1. Go through the stretch 82-113 and give me each residue that's under 28 Å from A15 (Cα atoms) and of a type in the set (S, T, N, Q).
2. Just checking, which of A172, A131 is modelled with pLDDT of 80 or more, loosely packed, with under 13 Cβ neighbours inside 10 Å and hydrophobic (A, V, I, L, M, F, W, C)?
3. Would you pick out the residues in the stretch 15-73 that are part of a loop (DSSP other than H, G, I, E, B) and either of a type in the set (F, W, Y) or open to solvent by less than 30 Å² (accessible area, probe 1.4 Å) (or both)?
4. Among the residues of the stretch 1-37, write down those that are touching a strand residue (DSSP E or B) at 6+ places or on another chain (Cβ under 9 Å) and not aliphatic (A, V, I, L, M).
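The values are calculated or read from the model by the stated rules, or taken from the named source; none is laboratory data. Since the structure is predicted, the reported quantities are computational estimates derived from the model, not experimental observations. All Cβ positions, even for glycine, are placed from backbone atoms using ideal geometry, and neighbour counts span all protein chains on display. What goes into the accessible areas is simple: the full protein's heavy atoms, side chains included, and nothing from ligands, DNA or RNA. Shrake-Rupley method; radii C 1.70, N 1.55, O 1.52, S 1.80 Å.
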Amino acid sequence: MATWGDGRDRPAVAAQLLLAYRHDEAPAWFSPAQVLATVQRAALAWSACGVPAQVQAIEPGGRVPPGAVLVLWSDAAAGGNFGLANLHTHSLALGPAAFRLLQQRNPSHPAGDTLQMVVSHEMGHFFGLMAHSRRCVDVMSYYDNGRGERCFTRQGAMPPTRGDYRALLPTACDIARCRALNPSPQAALVTR
């Protein structure tokens with residue numbers, strides 16, 4: 001489970017996660033139901049590592065439940081990225097401008113796939129995976145470190161191009177890392 005060494009993995013932010021989705025400021029081509037389903041798919045996939053997760057929709061201007069991770073659309077909170085996890089503010093921000101630019105430059109690109117990948121990746125940080133994977137296919141990967149090094153494929157080679165290798169949902173390796181950080185109480189009883 002090679003990582004870039006760019007962060008220290010740690011247990012999930014809570015024993016159970018509640019993700020509260022607010023649709024304000026979303027690009028027009030993403031319906032509230034579509035994005036909510038995207039968040040639900042990611043939460044369900046990540047919960048396989050032993051940290052239960054629930055998702056609920058919040059109406060515009062509605063109150064965020066205490067302790068919930070707010071999933072919202074905000075260019076400021078996303079910092080110019082497609083998405084950004086902020087563990088201090090308990091927010092997973094999606095960048096409307098980045099998705100608009102993607103739509104403008106490549107309207108045939110499946111933006112729903114990019115949305116799923118971004119939500120799954122950023123959600124992984126709340127499950128404790130802070131370091132990014134060196135395996136291109138892992139949802140917790142990124143492609144290069146800005147110093148000429150690139151992620152590698154399943155066969156251990158560097159990809160020939162910067163194509164889209166990343167999974168849309170956590171891979172078995174992502175889940176294994178998460179389980180190692182978040183051992184279940186039942187597993188602790190068995191090992192004693």
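1. N86, T89, S91
2. Values: A131 fails: loosely packed, with under 13 Cβ neighbours inside 10 Å.
After ruling out the rest, the residue left standing is A172.
3. Of the stretch 15-73, the ones part of a loop (DSSP other than H, G, I, E, B) are 15-16, 23-31, 50-52, 59-68.
The answer is A26, P27, W29, F30, V51, G62, P65, A68.
4. Scanning the stretch 1-37 gives T3, W4, D9, Q16, Y21, R22, H23, D24, E25, P27, F30, P32.
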